[in-house]
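This report refers to the structure that appears directly beneath it.
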Amino acid sequence: MRKLIIDKRDGYNYFLTDIDNNDKYNLNIEFYDLDFEVDVNDYIYIDEINLNEKILSFGSLKNTYGEDVTEDDNRDEIIIVVHNDNLYYLKQFYG
């Protein structure tokens, strides 16, 4: 997984920088099932395969949308959001 910091946010458009190599990304991400806004200076751990997408949606692992996630299966469908030093595990939604 790549560790990205949110440099800027404009609605659902997130401007991110890879912590390890300074690569820049612009992704449209909609977050569900969180009681806070994912915002500037938060971190996102995301699988590299998702960095090729332009529009992404993520929500609670318990939500009925998205694939069921078990142990090592579907790791590329999981992201981790770090907000105020707390980790939030989310799964990818489709459609």
Contact list, first residue from the range 36-63 and closer than 21 Å to Asp85 by Cβ, second anywhere and open to solvent by 80 Å² or more (accessible area, probe 1.4 Å) and not hydroxyl-bearing (Ser, Thr, Tyr), beta-carbon distance below 7 Å, six or more apart or interchain, is Val40/Lys8; Tyr45/Met1; Ile46/Met1; Ser60/Asp33
Within the range 23-53, the residues that are open to solvent by less than 80 Å² (accessible area, probe 1.4 Å) and closer than 11 Å to Tyr12 by Cα are Asn26, Leu27, Asn28, Ile29, Glu30, Phe31, Val38, Asp39
Within the range 1-12, restricting to residues that are within 12 Å of the chain's Cα centre (by Cα) and within 20 Å of Gln92 (Cβ to Cβ), the one that is surrounded by the most Cβ atoms within 10 Å (Cβ to Cβ) is Leu4
Does Asn26 qualify as being modelled with pLDDT of 95 or more and in contact with a strand residue (DSSP E or B) (Cβ under 7 Å, 6 or more places away or on another chain)? yes
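The values are calculated or read from the model by the stated rules, or taken from the named source; none is laboratory data. The model shown is predicted, which means the values in this text are computed figures rather than measured ones. FYI the Cβ positions are ideal-geometry reconstructions off the backbone, even for glycines, and counts take in every protein chain you see. The accessibility values were calculated without ligands, DNA or RNA, using every heavy atom of the protein model including side chains. Shrake-Rupley method; radii C 1.70, N 1.55, O 1.52, S 1.80 Å.
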